[in-house]
Amino acid sequence: QVQLVESGGGLVQAGGRLRLACATSGSTARINTMAWYRQSPGKQRELVARLWRTGSTDYADSVQGRFAISGDDAKDTLYLQMNSLKPEDTAVYYCYAQSFLGADYWGPGTQVTVSS
């Protein structure tokens with residue numbers, strides 16, 4: 001089992017920045033990939049950024065160049081640095097992990113609100 005807990009959400013003005021953190025615990029050695037997803041009211045949950053154990057990353061087109069995903073193995077923490085925030089980035093952000101066997105794990109989410 002893997003446990004995920006997000007932190008760092010909040011209210012920020014457009015153009016501002018936030019850094020989300022996802023603390024992991026449990027069987028973290030079984031994790032193959034981690035990612036950040038987000039969901040706005042009335043919309044489907046969407047992938048924001050993904051980090052593979054190899055170190056490669058993927059980003060949604062809407063955040064490319066503004067957001068950066070990274071991991072700190074020593075702290076068992078995943079980060080999402082969000083710069084140049086826009087009102088359309090407002091959402092609940094979820095931390096996600098998948099094991100090598102395909103098991104999915106989700107955090108409870110953290111609210112990010114960007115005011116115009």
(request) Only Cα pairs under 8 Å and at least 6 apart count here; give the relative contact order of the range 22-115 as a rounded whole percent. (result) 30 percent
(request) Please state the charge dipole magnitude for the range 45-112, taken about the Cα centre, from unit charges on C-beta atoms (+1 on K and R, -1 on D and E), reported in debye and rounded to the nearest 20. (result) 40 debye
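Could you work out the relative contact order of the range 73-116, using alpha carbon pairs under 8 angstrom and six or more residues apart, expressed as a whole percent?
Values: 45 pairs, mean separation 18.1, N = 44.
Relative contact order for the range 73-116 comes out at 41 percent.
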(request) Report the net charge of residues surrounding residue 12, where surrounding means a beta-carbon distance below 15 angstrom and charges are Lys +1, Arg +1, Asp -1, Glu -1. (result) +3
(request) Evaluate the distance, in nm, between pseudo-label points positioned 7 Å from the Cα of residue 25 and of residue 62 along their respective Cα→Cβ axes. (result) 3.2 nm
(request) Could you order 89, 72, 61, 104 by accessible surface area, starting with the largest, using a probe radius of 1.4 Å? (result) 61, 104, 72, 89
(request) When a/c is below 1.5 the answer is rounded, else prolate if a/b is larger than b/c, else oblate, so apply that to the range 24-66 with a ≥ b ≥ c taken from the square roots of the Cα gyration tensor eigenvalues. (result) oblate
(message) Students sometimes get this wrong: rank 50, 38, 45 by accessible area, probe 1.4 Å, all chains present, largest first.
(response) 45, 50, 38
(request) May I ask you to rank 51, 11, 4 by accessible area, largest first, using a 1.4 Å probe over the protein chains only? (result) 11, 51, 4
(message) If Rh is defined by the Kirkwood formula over all Cα pairs and Rg also comes from Cα, what ratio Rg/Rh do you get for the chain?
(response) 0.95
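The values are calculated or read from the model by the stated rules, or taken from the named source; none is laboratory data. Just so it is clear, the structure is predicted and the values come from calculations on it, not from any experiment. Counting neighbours? That spans all protein chains shown, and the Cβs are built from the backbone with ideal geometry, glycine included. Side chains are part of the model used for accessible areas, which takes the heavy atoms of the whole protein and leaves out ligands, DNA and RNA. Shrake-Rupley method; radii C 1.70, N 1.55, O 1.52, S 1.80 Å.
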